[in-house]
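Engineer: One structure follows; several queries about it will come next.
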Amino acid sequence: MSQTNKTIATAPRNSKSISHWDIDTDVAIIGFGGAGASAAIEAADAGSKVCIFELASASGGSTALSSAEIYMGGNGGTPVQKACGYHDDTENMVNYLKACFGNQADDEKIRHYCENSIGHYNWLTGHGVPFKLSELKERAIMALTDDCLLFTGNEKAYPFTEHATPVPRGHNLEVEGDNGGPLLMKILTEAVTARAVDVHYDSRALTLIVNDDGDVEGVVVRIDQQEKTVRARKGVILCAGGFCMNEDMVKKYAPTFDCGLIPIGNPGDTGSGILMGLGVGAGTSNMHECFVSLPYYPPASLTYGILVNDKAQRFINEDCYHGRVGYNALIAQRNSSRIYFITDVEGYGDYEKMSYLGATVAGTGDSIAELEQELDLPESSLQHTVNTYNQHAETGTDPYFHKHEAWLRPIKPPYVALDCTLGRGPFYPFFTLGGLDTLPTGEVLTPERNVIKGLFAAGRTTAGIPRTAAGYASGMSVGDVTYFGRMAGKAAALS
């Protein structure tokens, strides 16, 4: 095919031009990650013939690369929450998520998710997803034990404690090590296989097929270097991931994050599903936002330290979730030439043995004055900051940033400073949080919020519950993609 006739995502085909359909199905799903798998299971269970088209040679997507904590609660609590002594009210969960994302939140999706979260837990366990009735008490990014429940966000940190009672909602699968994602996708893939869903691997979705009214009737895919037309009688569900692997899209839609961050996801996170949606008149939401992180724990003991900028000023309470800290280090401190983590030997702990941060030691000192000079900070600036912090920490208070008293103690000599400046060594991962605008049931909307008939989407191809790293919690994405994947599968099958 010549370059001039190349099929592109944003140029849909008209169904009148198609004389022969190569594949005929009820529901065509683009992508076989957590969202696509969940959509396929629900659509098949509703009686539809389902085809999945997956770019890679196996299922998994970005879900398989994740730790697969799943954020669930409300309605009195999941069986795990109850077994660990927690009661989780639905309104409490709603209030927390609204506090997390403010005016960027999709209130309708949040309520839909919270009110049906226990049902989602039961759906997962019904398919064999294992959760142990135990809690990991320590501060951790993920549970490397097979324990289930843990605080995975800002639930216990200011200002969120002003809006909701702290309750842990991160549900880690019963598996040791960082192996939750592969296990979850293994279970979901087996469930898809048991339903005789027609799966096409190594198949790239190219563009949608529409009729004269703009209704979506199918999709063009490339299999074995041949373009195939797929008729989807009930609908196409786009579950093709985000766009963190597409540098041009990041630069265009989320330019604040086009600054040398490390994209995390699968190679197929190129925004193809979003582009296909745009081609048929879909609206988007939250395209400017990304998750970004400064994963400074483990060791949890670093939380006793303080983060400062190039003027030796603190800028956040250090007991926050690593995504909120990363967001503030990157966005709120964008004009700072340096970001340092100031700690002591006790806080430094086993940083060299167990850490994801990758930050190098920028300076040490037997006094703050010595460390200040080594870091080339303004004279007396760090001394003032640390002395003020220590004075308040002695009394268990942090009047400026409200770090919880559990993480307050004076920082004592000898001192250590880690260089957390972007581009100077530390790990700053990111992925996108914007996409097609959808109803909670998965229907894709135009900019005027009219439904595009025959088109559905879920996962990071959409703007789901998580809207900014400043309010993110681990488990929100996997919870979001599996739950709203299910809703899209049901809606498509019943359309």
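The values are calculated or read from the model by the stated rules, or taken from the named source; none is laboratory data. Note that the structure is predicted; figures quoted are calculated from it, not measured. A quick note on method: Cβ atoms are made from the backbone with ideal geometry, for glycine too, and the neighbour counts reach across all protein chains shown. Protein only, heavy atoms only, side chains kept; ligands, DNA and RNA dropped before computing areas. Shrake-Rupley method; radii C 1.70, N 1.55, O 1.52, S 1.80 Å.
Engineer: So if R0 is 60 Å, what FRET efficiency would Y400 and S57 give, r being the distance between their Cβ atoms, rounded to the nearest 0.05? Before the final figure, lay out each step's value.
Structural biologist: Working: r = 53 Å, r/R0 = 0.88.
Efficiency, rounded to the nearest 0.05: 0.70.
Engineer: 5 Å is the cut-off here: which amide hydrogens, built 1.01 Å from N in the peptide plane, fall below it relative to G434, excluding neighbours closer than 5 in sequence?
Structural biologist: Correct list: E289.
Engineer: Counting only heavy atoms of protein chains, what accessible area per residue, in Å², does region 1-106 have with a probe of 1.4 Å? Before the final figure, lay out the partial values.
Structural biologist: Details: 4210 Å² over 106 residues.
I get 40 Å² per residue for this part.
Engineer: Still on this structure: Counting each DSSP H run of 4 or more residues in the chain as -39500 (n - 2.57), what helix-only mean residue ellipticity at 222 nm follows after dividing by all residues, to the nearest 500 deg cm²/dmol? Show your work: numbers first, answer last.
Structural biologist: Details: 13 runs with 127 residues, N = 495.
Roughly -7500 deg cm²/dmol at 222 nm, from the helical runs in the chain.
Engineer: Using +1 on the beta carbon of Lys and Arg, -1 on that of Asp and Glu, and nothing else charged, what's the dipole of the chain about the Cα centre, debye to 20?
Structural biologist: Numbers: 39 positive and 58 negative charges, 243 e Å.
About 1160 debye.
Engineer: Mind running the shape call on region 432-495? Use the C-alpha gyration tensor, a ≥ b ≥ c as the square roots of the eigenvalues: rounded below 1.5 for a/c, prolate if a/b tops b/c, oblate otherwise.
Structural biologist: Values: a/c = 3.19, a/b = 1.52, b/c = 2.09.
Oblate.
Engineer: How big, on average over all directions, is the shadow cast by the Cα convex hull of the chain, in nm²?
Structural biologist: Numbers: hull surface 92.0 nm².
The directionally averaged projection comes out at 23.0 nm².
Engineer: Ok, one more. What shape does region 296-382 take by its C-alpha gyration tensor, where a ≥ b ≥ c are the square roots of the eigenvalues and a/c under 1.5 counts as rounded, a/b above b/c as prolate, and the rest as oblate? All intermediate terms of the calculation are to be shown ahead of the outcome.
Structural biologist: Values: a/c = 1.88, a/b = 1.11, b/c = 1.70.
The shape class here is oblate.
Engineer: Which residues among region 326-353 fall inside the zone where the amide N is under 11 Å from a point 7 Å beyond the Cα of N390, along Cα→Cβ?
Structural biologist: Hits in region 326-353 for N390 at 11 Å: none.
Engineer: If we sort 254-266, 234-246 on the protection proxy, mean other Cβ atoms within 10 Å, highest first, what's the order?
Structural biologist: So the peptides 254-266, 234-246, ranked by packing, come out 234-246, 254-266.
Engineer: Here's a follow-up. Amide H neighbours of T284 under 5 Å, counting only residues 5+ apart in sequence or on other chains, H built in-plane at 1.01 Å?
Structural biologist: So T284 has HN proximity to D437.
Engineer: Could you work out how far helix 476-493 tilts from the main Cα principal axis of the chain, as a 0 to 90 degree angle to the nearest 10?
Structural biologist: Value to nearest ten degrees: 10.
Engineer: Taking 0.36 nm per residue of sequence separation and subtracting the Cα-Cα distance, how much length would be gained by fully extending the chain between R233 and E108, in nm to one decimal?
Structural biologist: On the way: separation 125, 0.36 × 125 = 45.00 nm, distance 2.82 nm.
My answer for the length gained is 42.2 nm.
Engineer: Quick one: what are the phi-derived ³J(HN,Hα) couplings along region 207-215, Karplus 6.51/-1.76/1.60 with θ = phi - 60°, whole Hz, x for glycine and proline?
Structural biologist: Rounded to whole hertz, the list is 6, 8, 10, 10, 9, 5, 8, x, 6.
Engineer: Could you please state how large a percent of the accessible area of the chain is carbon and sulfur, counting protein chains only and using a 1.4 Å probe?
Structural biologist: Numbers: 9060 of 19060 Å².
Percent of accessible area from carbon and sulfur atoms in the chain: 48.
Engineer: Further question on the same structure: What's the center-to-center distance, using Cα atoms, between region 32-48 and region 118-138 in Å?
Structural biologist: 20 Å
Engineer: Place the peptides 13-23, 223-233 in order of packing, highest mean first, counting for every residue the other Cβ atoms within 10 Å and averaging per peptide. Write out the running numbers ahead of the final one.
Structural biologist: On the way: 13-23: 12.9, 223-233: 15.7.
Top to bottom by mean Cβ count within 10 Å: 223-233, 13-23.
Engineer: Moving on to the next point. What figure in square angstrom, to the nearest 10, would you give for the accessible area of E394 with a 1.4 Å probe?
Structural biologist: 130 Å²
Engineer: Across region 67-84, in residue order, what do the Karplus-derived ³J(HN,Hα) couplings come to in whole Hz, using 6.51 cos²θ - 1.76 cosθ + 1.60 with θ = phi - 60° and x for Gly and Pro?
Structural biologist: Along region 67-84, the couplings run 7, 6, 4, 10, 7, 9, x, x, 6, x, x, 6, x, 5, 4, 5, 5, 8 Hz.
Engineer: Working out 0.36 nm times the residue gap between T193 and E91, then minus their Cα-Cα distance, what length gain in nm do you get to one decimal? It would help to have the intermediate numbers written out before the result.
Structural biologist: Values: separation 102, 0.36 × 102 = 36.72 nm, distance 3.73 nm.
Result for the pair: 33.0 nm of gain on full extension.
Engineer: Could you tell me how far the Cα centroid of region 339-364 sits from the Cα centroid of region 378-455, in Å?
Structural biologist: One Cα centre to the other: 17 Å.
Engineer: To the nearest µm²/s, what D does Stokes-Einstein give for region 226-344 at 25 °C and 0.890 mPa s, using the Kirkwood radius over alpha carbon pairs as Rh? Each step should come with its number before you reach the end.
Structural biologist: Working: Rh = 17.1 Å.
After rounding, the answer is 143 µm²/s.
Engineer: Just order 66-79, 468-481, 293-306 by mean Cβ neighbour count inside 10 Å, highest at the front, would you?
Structural biologist: The peptides rank, most packed first, as 468-481, 66-79, 293-306.
Engineer: Could you state the accessible area per residue of region 114-175 in Å², with a 1.4 Å probe and every protein chain left in place? Intermediate results must be reported in sequence, preceding the final value.
Structural biologist: Working: 2340 Å² over 62 residues.
Heavy-atom accessible area per residue stands at 38 Å².
Engineer: With every protein chain left in place, what is the accessible area per residue of region 277-335 in square angstrom, probe 1.4 Å? All intermediate terms of the calculation are to be shown ahead of the outcome.
Structural biologist: Working: 1450 Å² over 59 residues.
With all protein chains present, region 277-335 gives 25 Å² per residue.
Engineer: Using alpha carbon centroids, what distance separates region 211-250 and region 66-81, in Å?
Structural biologist: Using only Cα atoms, the two centres lie 33 Å from each other.
Engineer: Would you work out the Kirkwood radius for region 410-465? I mean one over the mean of 1/r across all pairs of different Cα atoms, in Å. Present the calculation step by step, with values, prior to reporting the outcome.
Structural biologist: Details: mean 1/r = 0.0669 Å⁻¹.
Kirkwood hydrodynamic radius for region 410-465: 15.0 Å.
Engineer: On to the next question. Under 5 Å between amide H atoms, partner at least 5 residues away or on a different chain: which partners does L173 have, H built in plane at 1.01 Å?
Structural biologist: Counting only residues 5 or more places away or on other chains, the set is empty.
Engineer: Sticking with this structure for a sec: Give the percent of DSSP beta bridges with both residues in the chain that are antiparallel, rounded to the nearest 5. Don't jump to the answer; show the numbers that get you there.
Structural biologist: Values: 40 of 63 bridges.
Rounded to the nearest five, the antiparallel share is 65 percent.
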